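The block underneath contains the structure these notes are about, expressed in structure tokens.
The values are calculated or read from the model by the stated rules, or taken from the named source; none is laboratory data. The model shown is predicted, which means the values in this text are computed figures rather than measured ones. Positions of Cβ are backbone-derived with ideal geometry, glycine not excepted, and every protein chain shown enters the neighbour counts.
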Amino acid sequence: ETGVTQTPRHLVMGMTNKKSLKCEQHLGHNAMYWYKQSAKKPLELMFVYSLEERVENNSVPSRFSPECPNSSHLFLHLHTLQPEDSALYLCASSHYRVGDYGYTFGSGTRLTVV
Amino acid sequence: KQEVTQIPAALSVPEGENLVLNCSFTDSAIYNLQWFRQDPGKGLTSLLLIQSSQREQTSGRLNASLDKSSGRSTLYIAASQPGDSATYLCAVRPNTDKLIFGTGTRLQVFP
């Protein structure tokens, strides 16, 4: 385990379903991030949370709804997704705006929208 | 706007070769630079983290250098092995705290 745990590892959902992705970190970090990785594209930052407050929303459609109940847990709630939302969703944690620290990533959730 | 470029995009080499992967970035105002490894369909594993004040970092057969003024970093892999086959990603952490990734170098090491 990397210290950042994501569940589920794989998810197949229909366009009318509602599902949630979960991320958990036990590294004592105060910032958590959602990234999207689509085929042939660089990783795209979706959301940044620092001390449970959303500090960044990178023009993500409202069908993606993040939630950060505490500094160790991060969720991404999904509803009425489109097939083009199929991708690998990666969670990461770090210390917000502290340059001495790198990012630690989870293993990702492979999402397929059918 | 910060942009990160990695070359080559793909590399296929026989086992035992020493390799150099390149990363360049357009804005030198960064906290640090991080190299990651990604196996197919998996998450990212951090390999090396170089602070903006540092010139290089080493871990086992890996050595990463940073020349912030010229916007360049290299990842050197000594005595490559088939188990090194993966995609290698370079990412810079600017002062705005948005980690910016390159598109990666896909490495294949064959026996």
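Looking only at residues in the stretch A:59-105 that are within 14 Å of chain B (Cβ to nearest Cβ) and hydrophobic (A, V, I, L, M, F, W, C), which one is surrounded by the fewest Cβ atoms within 10 Å (Cβ to Cβ)?
As a first pass, look at the stretch A:59-105 and keep what is within 14 Å of chain B (Cβ to nearest Cβ): A:59-60, A:86-105.
Retained after the next criterion (residues that are hydrophobic (A, V, I, L, M, F, W, C)): A:60, A:87-88, A:90-92, A:98, A:105.
Working: A:VAL60: 17, A:ALA87: 19, A:LEU88: 19, A:LEU90: 25, A:CYS91: 27, A:ALA92: 28, A:VAL98: 14, A:PHE105: 27.
Filtering the stretch A:59-105 for residues that are within 14 Å of chain B (Cβ to nearest Cβ) and hydrophobic (A, V, I, L, M, F, W, C), the one surrounded by the fewest Cβ atoms within 10 Å (Cβ to Cβ) comes out as A:VAL98.
Find the residue count for the stretch A:6-56, including only residues that are away from chain B (no Cβ under 13 Å) and acidic (Asp, Glu). Final tally of qualifying residues: 3. Close contacts from the stretch B:77-90, counting a first residue that is without any contact (Cβ under 8 Å) to a residue 12 or more places away in the chain and a second that is part of a strand (DSSP E or B), with Cβ to Cβ under 6 Å and a gap of 6+ residues or different chains, come to none at all.
For the stretch B:94-103, the criterion of being at pLDDT 95 or above and part of a strand (DSSP E or B) is satisfied by no residue at all. The strands (runs of 3 or more DSSP E) located wholly in the stretch B:8-72 that include 3 or more residues which are under 24 Å from A:ASP100 (Cα atoms) occupy B:19-25, B:30-38, B:44-51, B:56-59, B:62-67. The residues of the stretch A:72-96 that are outside any strand (DSSP E or B) and within 14 Å of the chain's Cα centre (by Cα), listed by number, are A:SER72, A:ASP85, A:SER86. Can you find a residue that is of a type in the set (A, V, I, L, M, F, W, C), within 14 Å of chain A (Cβ to nearest Cβ) and under 30 Å from A:ARG54 (Cβ atoms) anywhere in the stretch B:3-21? Yes. For the stretch B:73-93, the set of residues classified as part of a strand (DSSP E or B) and not basic (Lys, Arg) consists of B:SER73, B:THR74, B:LEU75, B:TYR76, B:ILE77, B:ALA86, B:THR87, B:TYR88, B:LEU89, B:CYS90, B:ALA91, B:VAL92, listed by residue number. One residue alone among B:ALA91, B:ALA64 is within 14 Å of another protein chain (Cβ to nearest Cβ), among the hydrophobic types (A, V, I, L, M, F, W, C), more than 27 Å from A:ASN58 (Cα to Cα) and buried (at least 18 other Cβ atoms within 10 Å of the Cβ), and that residue is B:ALA64.
Take A:PRO66 and decide whether it is without any contact (Cβ under 8 Å) to a residue 24 or more places away in the chain and either assigned to a strand (DSSP E or B) or not hydroxyl-bearing (Ser, Thr, Tyr) (or both). No, not satisfied.
Once the stretch B:67-77 is narrowed to residues that are surrounded by 14 or more Cβ atoms within 10 Å (Cβ to Cβ) and modelled with pLDDT of 95 or more, the residue that is farthest from the chain's Cα centre (by Cα) is B:GLY71.
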